[in-house]
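Undergrad: Before anything else, here's the structure in question.
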Amino acid sequence: LVNFARSVGWFFHSRTPDSLTVNVHGEDKVFKMLNVNKFTSSRGRMSVVIGREGGQRGGVLYCKGADSVMYNHMKPGERRKVEDKVGGYAGEGLRTLVVAKRVLTAEEWNKYDAMFQAASTALEGREEALEVEVLELAL
């Protein structure tokens, strides 16, 4: 994936605790990371919400994980489409990684952020609370 991104002009440049810089066709673009829900083996996926370009309110939720984990968070019609595309790989013994994206309105992000902040600062049950995905993924 990294080599492919580089071959089409996208190159990771640097990262700070709350942003990352990507060189896109020779121009550095800074993306603000609003939330990062790290990978855990029990959750089986990781998620990040990136601020929308141009200062638009809301964010873009990106989530990646094994196909078997991601299927459970897709709408049924979308799940069938993804299963059709990646199903043959499993038959060949290959592992697959599914990446999903959803543009969040300001209201959706506010709801997600409130849940995320409460879960990530919980003194008890933090891991369980972070496993819950408030928003179903739409590919």
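The values are calculated or read from the model by the stated rules, or taken from the named source; none is laboratory data. Just so we're clear, the structure is a prediction, and the values are computed from it rather than from any experiment. Glycine gets a Cβ as well: all are built from the backbone with ideal geometry, and neighbour counts include every protein chain shown. Calculation scope for accessible area: heavy atoms of the full protein, side chains included, ligands and nucleic acids excluded. Shrake-Rupley method; radii C 1.70, N 1.55, O 1.52, S 1.80 Å.
Undergrad: I'd like the carbon and sulfur percentage of the solvent accessible area for the chain, probe radius 1.4 Å, heavy atoms only, ligands and nucleic acids excluded. Show your work: numbers first, answer last.
TA: Details: 4960 of 9060 Å².
For the chain, the apolar C and S fraction of the accessible surface comes to 55 percent.
Undergrad: Given points 7 Å out from each Cα along the Cα-Cβ axis, report the Val2 to Phe31 separation in nanometres with one decimal.
TA: It works out to 1.6 nm between the two label points.
Undergrad: Between Tyr112, Gln56, Thr21, whose Cα lies farthest towards the positive end of the dipole of region 1-126 when Lys and Arg beta carbons carry +1 and Asp and Glu beta carbons carry -1, centred on the Cα centre?
TA: Farthest along the dipole direction, towards plus: Tyr112.
Undergrad: Hey, rough spin-label estimate for Val24 and Lys111, points 7 angstrom out along Cα→Cβ, what's it come to in nanometres?
TA: Going by the 7 Å Cα→Cβ label model, 2.7 nm.
Undergrad: Follow-up question, since we're still on this one. Gaussian network model of the chain, Cα springs within a sub-10 Å range: biggest mean-square fluctuation belongs to which of Phe12, Phe31, Phe39?
TA: In the Gaussian network model the winner is Phe12.
Undergrad: Among Tyr89, Tyr71, what's the order by accessible area (1.4 angstrom probe), most exposed first?
TA: Values: Tyr89 110, Tyr71 25 Å².
I get Tyr89, Tyr71, largest accessible area first.
Undergrad: A further question follows. With every protein chain present, what is the per residue accessible area of the chain (1.4 Å probe, Å²)?
TA: Working: 9060 Å² over 139 residues.
That works out to 65 Å² per residue.
Undergrad: Could you work out [θ]222 nm for the chain from helices alone, using -39500 (n - 2.57) per DSSP H run of at least four and dividing by all its residues? Round to the nearest 500 deg cm²/dmol. All intermediate terms of the calculation are to be shown ahead of the outcome.
TA: Working: 5 runs with 47 residues, N = 139.
About -9500 deg cm²/dmol.
Undergrad: In nm, to one decimal, how far is the Ala118 label point from the His13 one, both placed 7 Å along Cα→Cβ?
TA: Output for this residue pair reads 3.8 nm.
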